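Working notes, structure below.
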Amino acid sequence: METYKINIEGLELDVHRLNTVIVGSGAAGFNAADSLHDLGQRDIAVITEGMKMGTSRNTGSDKQTYYKLTLSGDANDSVVEMARNLFQGGAMHGDIALVEAALSARAFYKLVNIGVPFPHNKYGEYVGYKTDHDPRQRATSAGPLTSRYMTEKLEKQVLKKAIRIFDGFQVIAIITEKPTAGEGRDAKAVGLIALNLKELDMPHMGFTLFNCTNIIYATGGPAGIYATSVYPESQTGASGIAFESGIKGINLTESQYGIASTKFRWNLSGTYQQVLPRYVSVSCDGTDEKEFLNEYFESPGKMLDAIFLKGYQWPFDPRKISGFGSSIIDVLVYNETQVKNRKVYLDFTRNNTWGSTNGELDFSLLGQETLSYLANSGALFGAPIDRLSKMNRPAVELYKNNGIDLEKEYLEIAVCAQHNNGGLVGNVWWESNVRHFFPVGEVNGTFGIYRPGGSALNSTQVGSLRAAQYISANYAQEPLSKQDFIEVCQAVTAAKLEMARSFMDNRSGTSNVIALRLTAQERMTKLGALIRSLEGAEKGIEECLEDIRNMKVRTKIKEAADLPYAFQNHDILVTQYVYLNAIKHYISAGGRSRGSYLVYDESGNIPLEGLGIQFRFSLDNGTLNDKVCEMVLDADCYECNAEWKPVRPIPEEGNWFESVWNAFREGEIIK
Ligand SMILES: Cc1cc2nc3c(=O)[nH]c(=O)nc-3n(C[C@H](O)[C@H](O)[C@H](O)COP(=O)(O)OP(=O)(O)OC[C@H]3O[C@@H](n4cnc5c(N)ncnc54)[C@H](O)[C@@H]3O)c2cc1C
C-alpha cells in the first residue's frame, strides 16, 4: 500500500492506494480479508467504522444457528440436495444455491479449525438438528453467540497476519469509473471516500480516499432503515451509497420480521414462548393494562398453543396466520403497537388469566404438541418464569446480565426487523453489476423468499471466500495511476465535500440528526415492514424523496462530530427509497403476501374478527416465485427502475473428474 496526498477544492486529502479494500469487520469482512491473504494477495486492508460494531459480533439468539451440509450419521445428503432446498425457498438463483451448498463444508471446517466451538461427538461427527425450512438435520450451533465467536476467531486470524485495519473510518461514497457512451463495457469500482472519525474537526473534515482495484463490501444488513428492529444498535448498513453508484439491488422486498424484546434487543424464540408467557398491552401512559390476545382467540387453549408454536415458528409468515396459527400473534402485537399505539409486554411472572384458576394454569386446555413438550420437559407446573428457569435457566440469566429481571419485571416487545434475504446483486463469484465491486455477507442479496435458519451465517463465509478466490485469480492489477484517479474521483469527492460543508454551515445549538433519523425509521416500520400496501409504499416513496431533496437544509448539526450521523441519515433515506420502490413494484406486479410480510388486498380476508381492514390479505399464488426483481437507482433524477428476471436453474454439470481437473488446472473454472 502506498499513501500520498492530493488536493481537491483546496483541501489536502490522504489517498491510500492498494489492491483490495474490504469494508466491514463482521463475519463476512474478516473472512474475506483472511481468505485473500491466504490466497496470496497481501496488498489489502480492512476499513471499518468500528471494530466492535455490526450484527455478527453483537447479536445472538436462543441457539444461534449455522447451516451446512450434513456431516454426521447415516442420513443421505448431497451438495445438490442442499442446493435444491435453498433454491426451493423461491426467487433464488440455482447456481448461487449450488455454490452456497458446495462450499458449506469447507467454510464450516475452517471455522472449526480456527477455534469456533461447534460441538462434535466422541467420533468427531458434527451432529446437527433440524431448523426451519430444513428437511434434514443440517443445523448446528456453538450456543447463543455463534456469530460472535465466528467474528472473534476470524479477527484473530486477521490480526495474526498483520492485515492493515483502518478502524474508525466510515465509508460515505463508492467511486466508480463510468464507461463512455458506446464503449460496451460495464462501470467499474475504483475507490472509496471515507470519513476518518478521528479527524472530523480538521479542515478536511476527515475526508480520506482509497484508490483500489477491488472493493469487497461487507457492510451488513440495512438495519438503520427501521425504528423497530432487533439488529444491534451499532449496525446501520451502507446500501444507500451502493445504490447511488449504480449497484443493483435484488429481492429487496424479502426481509424477515419477528417478535423480539426492544430494550435489550433479542429474538424471543424457543423457550421464551414455549413456557407460555402472558402477553399484555398498556396504553402509552402506562394505564389500562390488559391481556389483549384474549379478545381475538376463540378459546384459551388455541391461544396458548399459538404462543407455544411461536417458539419454533419464529419469523412472521403469512402462511401461518389462518386457523389461529402462530403468526397471528405477530399481527396482533403489530396491531397493538403500530395501529393502537400501545406498548406490549411479555410477563413471565404470572399465567394468563384466561385458562387459569386462581393463577394456576389449566394444562388440560393445551393441545397435544404443547402438552407433551412441557410434560417431557418436566414443566407442567407454576408460572412461566418457573417453567423457564426449569427448562432454560441461561435464558433467564441472559436478561439479568442485561439489566432485566424476568422474575420481577415485564419485558417490552415488538415485531422487529431481523434480516434481509435480498440485498445488492452478485454473480456466482459475488461480483456485482459494477465490476470489481463484491458485496458479501448480508448486504448481498443471496436469498429469495424463504431460507433455512442458519443459512445467513453460512453465506457470510461462502460469499467472502468466493470473492477472495476471484480477486486473487483475476484482479491482481494495479489500481489507477495517481493522475487517472484524480480525474475519476474529483466530481464525487467535490459533491460529498459540498454536502459536508452544507451540514457544517447549518450548525446550531442542538443537533436534530437523531430526531430526523427516528422520523424516517418510523415511516419504514409503518409503511415498509411486515404490513404493506401499494398506497403505503407510494406514500413512503414520496415522503422519502422529499426528505432526500431537503436533507441539506433540514439537517442541523451541533458540531463536526455529528457529520457521520448526517451522512448515515442520507444513506438510510436512499436505502428506504429504493426498498420502498421495490415493494411498490412487487405489489404492482400482482405480488401478494409471502415470505415474512402481509400485503393489503381489498378482496382478501381479514385474519380475525376485530382487526381493521388494513389487515385484509390473500396469500401469494407463487407466480413470481421463479423470478427475481432487480432494482437500479438513477441517482441523477432519483428514478428507480425494476427488472424482473427468471431465476437461473441449478446447473447440471457432468462433473467428469478428468474434465473438471483440466478446466481447474487451466483456470477455466474461475473466469
Ligand atoms: C437477532 C439476530 C439473530 C440472528 N440469528 C441468526 C442465526 O441464528 N443464524 C443465521 O444464519 N443468521 C442469523 N442472523 C443474521 C446474521 O447474524 C447476519 O446476517 C450476519 O451476522 C451478517 O454478517 P455480515 O458480516 O454480513 O455483517 P455485519 O456483521 O453486520 O458487519 C457489517 C460491518 O460493516 C461495518 N460497516 C457498515 N457500514 C459501514 C460504513 N459505511 N463504513 C465502514 N464500515 C461499515 C459495520 O460496522 C460492521 O463492522 C441473526 C441476525 C439477528 C439480528
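The values are calculated or read from the model by the stated rules, or taken from the named source; none is laboratory data. All values reported here derive from a predicted model rather than from experimental measurement. Cβ atoms come from the backbone with ideal geometry, glycine included; neighbour counts cover every protein chain shown. Heads up: the accessible areas ignore ligands, DNA and RNA and are worked out on the full protein's heavy atoms, side chains in. Shrake-Rupley method; radii C 1.70, N 1.55, O 1.52, S 1.80 Å.
A compact table of results
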item: Count of residues meeting criterion [within 6 Å of the ligand (Cβ to nearest atom) and touching a helix residue (DSSP H, G or I) at 6+ places or on another chain (Cβ under 6 Å)] in the stretch 60-72; result: 1
item: Checking I22 against (1) among the aliphatic types (A, V, I, L, M); (2) assigned to a strand (DSSP E or B); (3) surrounded by fewer than 21 Cβ atoms within 10 Å (Cβ to Cβ), the condition it does not meet; result: (3)
item: Members of the stretch 218-227 found to be among the β-branched types (V, I, T) and assigned to a loop (DSSP other than H, G, I, E, B), listed by number; result: T219
item: Condition met for G249 (closer than 27 Å to N625 by Cβ and within 11 Å of the ligand (Cβ to nearest atom)); result: no
item: Residue within the stretch 376-392 that is in contact with a Pro (Cβ under 6 Å, 6 or more places away or on another chain) and crowded, with 20+ Cβ neighbours inside 10 Å present; result: yes
item: From the options S511, S481, residue that is open to solvent by 40 Å² or more (accessible area, probe 1.4 Å) and under 21 Å from V190 (Cβ atoms); result: S481
item: Test: residue in the stretch 155-166 that is surrounded by 24 or more Cβ atoms within 10 Å (Cβ to Cβ), of a type outside the set (G, A, S) and touching a strand residue (DSSP E or B) at 6+ places or on another chain (Cβ under 8 Å); result: no
item: Single unsatisfied condition, R84 versus (1) touching a residue at least 12 places away in the same chain (Cβ under 8 Å); (2) more than 12 Å from the ligand (Cβ to nearest atom); (3) not in a helix (DSSP H, G or I); result: (3)
item: Answer residue from the stretch 247-260, given it is in contact with a Cys (Cβ under 9 Å, 6 or more places away or on another chain) and of a type in the set (S, T, N, Q) and is nearest to G422 (Cα to Cα) among those; result: N251
item: Some residue of the stretch 11-34 being more than 16 Å from the ligand (Cβ to nearest atom), more than 18 Å from V171 (Cβ to Cβ) and of a type outside the set (A, V, I, L, M); result: yes
item: Number of positions in the stretch 38-59 that are on the phi > 0 side of the Ramachandran plot and more than 6 Å from the ligand (Cβ to nearest atom); result: 1
item: Some residue of the stretch 544-552 being modelled with pLDDT under 95, at negative phi and open to solvent by 20 Å² or more (accessible area, probe 1.4 Å); result: yes
item: Enumeration of residues in the stretch 417-430 that are under 24 Å from E668 (Cβ atoms) and crowded, with 24+ Cβ neighbours inside 10 Å; result: G426, W430
item: Options A75, A91; residue that is surrounded by 20 or more Cβ atoms within 10 Å (Cβ to Cβ) and either of a type in the set (A, V, I, L, M) or farther than 25 Å from A139 by Cα (or both); result: A91
item: Entirely in the stretch 347-460, the helices (runs of 4 or more DSSP H) that have 1 or more residues that are within 16 Å of the ligand (Cβ to nearest atom) and either without any contact (Cβ under 8 Å) to a residue 60 or more places away in the chain or more than 26 Å from M631 (Cβ to Cβ) (or both); result: 393-401
item: Residue among L563, L598, L580, L611 that alone is in contact (Cβ under 8 Å) with a residue 12 or more places away in the chain and either of a type in the set (D, E, K, R) or within 16 Å of the ligand (Cβ to nearest atom) (or both); result: L563
item: In the stretch 7-19, the residues that are touching a residue at least 40 places away in the same chain (Cβ under 8 Å) and either under 12 Å from S464 (Cα atoms) or open to solvent by 10 Å² or more (accessible area, probe 1.4 Å) (or both); result: E9, L11, E12, D14, H16, R17
item: Leading residue by the ranking (farthest from the ligand (Cβ to nearest atom)) among those in the stretch 191-209 that are within 26 Å of the chain's Cα centre (by Cα) and open to solvent by less than 10 Å² (accessible area, probe 1.4 Å); result: G191
item: Selection within the stretch 25-68 - among the charged types (D, E, K, R), in a helix (DSSP H, G or I) and more than 15 Å from the chain's Cα centre (by Cα); result: D34, D38
